[in-house]
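S.K.: This is the structure I want to talk about, given as structure tokens.
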Amino acid sequence: MLQDECVIIAKVGRAVGLKGYCMVEPTGTTFFHLEPPFEVFVGWKQSSARPMVIEEIRERPKGKMCRFEGIEDRTAVEQLTNKWIYLSSSQLPKLEAGDYYHFELEGLNVVSDSSAETVGKVLEVVNLPSMDALEVRLVDGCTVLVPYNEQAIRSVDTNASQVVVRWAFIEELL
């Protein structure tokens, strides 16, 4: 059972070799900043994920591979294939000022820079090939994607639970 809120940092990939190694498919850059050994939770869903320790990470030509403590053979690691790797939010590396984890933006109110009125709520952060975007459900029920860049986003204040968006961007999307 998980105590803290967790975030997905990777997915367990295919088994590599016979000694319990597996490929890892990171979902962002967090996995690259962690130094083993560290505790994670592995499972299909956060609620049923089990605690495990990643004891080793190795670089391969096609990405990263790791080995979990207590997983010593290919058969054991194959039982983990395609499961998510969760990290407790308290273990996340600190970010520079002005940078946010996606989960920190989800649920924030979206406020217009021109009227200071709440115009919607951030549903999720979407990773597009060219940039990230905020999926925003507007108060009228419509959903729009707002680019997460300086041209569209004026400010983010997680303490006030709001993202201030240039209204011209929202108008253009409607």
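The values are calculated or read from the model by the stated rules, or taken from the named source; none is laboratory data. Since we're looking at a predicted model, the values are computed, not measured. No Cβ is skipped: glycine too gets one built from the backbone with ideal geometry, and neighbour counts run over all protein chains shown.
S.K.: Check off (1) surrounded by 13 or more Cβ atoms within 10 Å (Cβ to Cβ); (2) more than 15 Å from ALA15 (Cα to Cα) for TRP44 and give me the number that stays unchecked.
M.R.: (1)
S.K.: When the residues of region 145-157 are filtered to those that are farther than 17 Å from SER130 by Cβ and not charged (D, E, K, R), which remaining residue is nearest to the chain's Cα centre (by Cα)? Give the steps one after another, and end with the answer.
M.R.: Step one: filter region 145-157 for residues farther than 17 Å from SER130 by Cβ, giving 154-157.
When the remaining residues are screened for being not charged (D, E, K, R), the result is 155-156.
Numbers: SER155: 21, VAL156: 18 Å.
The extreme case among them is VAL156.
S.K.: Follow-up question, since we're still on this one. Scanning region 136-174 for residues that are touching a Lys or Arg at 6+ places or on another chain (Cβ under 8 Å) and touching a residue at least 40 places away in the same chain (Cβ under 8 Å), which turns out surrounded by the most Cβ atoms within 10 Å (Cβ to Cβ)? Even if it seems obvious, please write down each step before you answer.
M.R.: Keep residues of region 136-174 that are touching a Lys or Arg at 6+ places or on another chain (Cβ under 8 Å), which gives 136-137, 143, 151-154, 164-166.
Among the residues that remain, those that are also touching a residue at least 40 places away in the same chain (Cβ under 8 Å) are: 154, 164-166.
Numbers: ARG154: 15, VAL164: 17, VAL165: 26, ARG166: 17.
Among them, the one singled out is VAL165.
For (1) over 24 Å from ASN127 (Cβ atoms); (2) among the charged types (D, E, K, R); (3) outside the structural domain of VAL126 (by TED's automatic domain parsing), each residue gets a yes or a no:
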site	(1), (2), (3)
VAL12	no, no, yes
LEU18	yes, no, yes
GLY28	no, no, yes
LEU34	no, no, yes
LYS45	no, yes, yes
ILE54	no, no, yes
ARG67	yes, yes, yes
GLU78	yes, yes, yes
LEU87	no, no, yes
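S.K.: Go through the residues of region 18-37 one by one and say whether even a single one is in contact with a Phe, Trp or Tyr (Cβ under 6 Å, 6 or more places away or on another chain) and surrounded by 12 or more Cβ atoms within 10 Å (Cβ to Cβ).
M.R.: no
S.K.: When you check ALA133 against the structure, is it surrounded by fewer than 14 Cβ atoms within 10 Å (Cβ to Cβ) and either farther than 17 Å from PHE103 by Cα or not aromatic (Phe, Trp, Tyr) (or both), yes or no?
M.R.: On the way: surrounded by fewer than 14 Cβ atoms within 10 Å (Cβ to Cβ): no; either farther than 17 Å from PHE103 by Cα or not aromatic (Phe, Trp, Tyr) (or both): yes.
Here the answer is no, as ALA133 does not meet what is asked.
S.K.: Being in contact with a Gly (Cβ under 7 Å, 6 or more places away or on another chain), in a strand (DSSP E or B) and not acidic (Asp, Glu) narrows it down to one of VAL156, VAL144, VAL122, VAL164, so name that one.
M.R.: Values: VAL156 fails: in contact with a Gly (Cβ under 7 Å, 6 or more places away or on another chain); VAL144 fails: in contact with a Gly (Cβ under 7 Å, 6 or more places away or on another chain); VAL164 fails: in contact with a Gly (Cβ under 7 Å, 6 or more places away or on another chain).
Selected residue: VAL122, the only one of VAL156, VAL144, VAL122, VAL164 that is in contact with a Gly (Cβ under 7 Å, 6 or more places away or on another chain), in a strand (DSSP E or B) and not acidic (Asp, Glu).
S.K.: A further question follows. Just give me the residues in region 66-93 being over 19 Å from the mean Cα position of the chain (by Cα) and hydrophobic (A, V, I, L, M, F, W, C), in sequence order.
M.R.: Answer for region 66-93, where residues must be over 19 Å from the mean Cα position of the chain (by Cα) and hydrophobic (A, V, I, L, M, F, W, C): CYS66, PHE68, ILE71, ALA76, VAL77, LEU80.
S.K.: Which ones in region 64-119 are closer than 13 Å to CYS22 by Cβ, assigned to a loop (DSSP other than H, G, I, E, B) and of a type in the set (A, V, I, L, M, F, W, C)?
M.R.: ILE71, LEU80
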